[in-house]
1. Between Lys211 and Phe269, how many nm apart are label points set 7 Å from Cα along the C-beta direction?
2. Compute the FRET efficiency between Ser95 and Arg66 as 1/(1 + (r/R0)^6), taking r as their Cβ-Cβ distance and R0 = 30 Å, and round to the nearest 0.05.
3. Ordered by packing density, taken as the mean number of other Cβ atoms within 10 Å over each peptide's residues, highest first, how do 102-113, 61-72, 84-95 rank?
4. Quick check on my link table: of Lys70/Lys211; Lys80/Lys187; Lys135/Lys187, which ones sit more than 30 Å apart, alpha carbon to alpha carbon?
5. How much length would be gained if the chain were fully extended between Ser51 and Lys187, taking 0.36 nm per residue of separation minus their Cα-Cα distance, in nm to one decimal?
6. So with the 1.4 Å probe, I'd like the accessible area per residue for region 18-119, rounded to whole Å².
7. Could you give the length gained on full extension between Thr58 and Ile160, defined as 0.36 nm per residue of separation minus the Cα-Cα distance, in nm?
Amino acid sequence: MKLNRNFNLLLTGQSLANIGDVLYIVSIIYVIFELTGSATAAAFVPFVITSSMFISNTLTPLFMQRINLKWLLAGSQMGKTGLLLALAIFLPQLSLANYFGLFLLISLVALLDGCANPVTQALIPNYVKSHQLLKANGIEETVTQLIQTAMWFVGSSLLIWLTATDLVWLTAGLFLLSSLLLSGLDKVDIKPEKPLGRWQQITKGWHTVSKTPVLKRIAWMNVLETMAGTVWIAAILYVFISEALLVDERWWGFINGSFFIGLIAGSLFCLRYSDIIEQNLSRFILIGAVFSSFATPSSSRRSAQWFSW
């Protein structure tokens, strides 16, 4: 598929931002655990990020109808650049007496980051033709998953040669470059067919979910899986690597990378056997959830035994 200029800029700009997001989260979790030695404090990092992004996702529809989408996306990256610069300056002075201020900064970054995905999804249909939309969404999702797969390993490996502060400076540079690229997008305005009040804009999607039993169940599943997956893949896993397995940060990246490789493999499996899965959708969802719940504790025991040898 031949991609146009706007889609190329959007994909490249968001890819740079996604790379920066992973590097930034890796560095923050590392700093918090090394400073406090507390798994609870480290696990609080993804909790703050997820909670702030949820609030941002909820409020984003209000801004999408009032601010040009191009500048809403580029402006969020500019704001993240400024916050990352402040974070890079703050980290060398970090101590047990002031590290709670770090959570305020990462919360502000997550608030800005939370609007990126819905705005990106709203921009893509305006930048590609209707018959190219499915392929464009597929390319965007594939690139995002590949970045997640690679950068968890790369980010944790970089900690062997660079300090966490160096990674934050690098992330700020990536966000700045992303902001410049996204500023080159054509303007896109969204005007609703009929005006909606602020509360209606926020709750419109929630009403749809609440009135549809299937969507309600899926929403609850996504909430539970997000809560478990965010902590498992980030903070708790780092504690497990350093305290239980007694290996360096590269293994944090290896395991995180293998997790995202599994996600990609699962997506390819679903695409290959989509007809069979559609006919047995609820059964496959149940099997996947049960298998994941058993595989997680099993992998921790197997890993500990393997490294002890």
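The values are calculated or read from the model by the stated rules, or taken from the named source; none is laboratory data. Everything numeric in this text was worked out from a predicted model, so none of it was measured. Positions of Cβ are backbone-derived with ideal geometry, glycine not excepted, and every protein chain shown enters the neighbour counts. Calculation scope for accessible area: heavy atoms of the full protein, side chains included, ligands and nucleic acids excluded. Shrake-Rupley method; radii C 1.70, N 1.55, O 1.52, S 1.80 Å.
1. About 3.6 nm separates the two model spin labels.
2. Details: r = 41 Å, r/R0 = 1.36.
About 0.15, to the nearest 0.05.
3. Details: 102-113: 19.7, 61-72: 17.5, 84-95: 15.8.
Put in order of decreasing packing, that is 102-113, 61-72, 84-95.
4. Details: Lys70/Lys211 33 Å; Lys80/Lys187 21 Å; Lys135/Lys187 22 Å.
Beyond 30 Å between Cα atoms: Lys70/Lys211.
5. Numbers: separation 136, 0.36 × 136 = 48.96 nm, distance 3.01 nm.
So the extension gain works out to 46.0 nm.
6. Numbers: 4000 Å² over 102 residues.
Accessible surface, normalised per residue, equals 39 Å².
7. Numbers: separation 102, 0.36 × 102 = 36.72 nm, distance 3.79 nm.
Full-extension gain reported as 32.9 nm.
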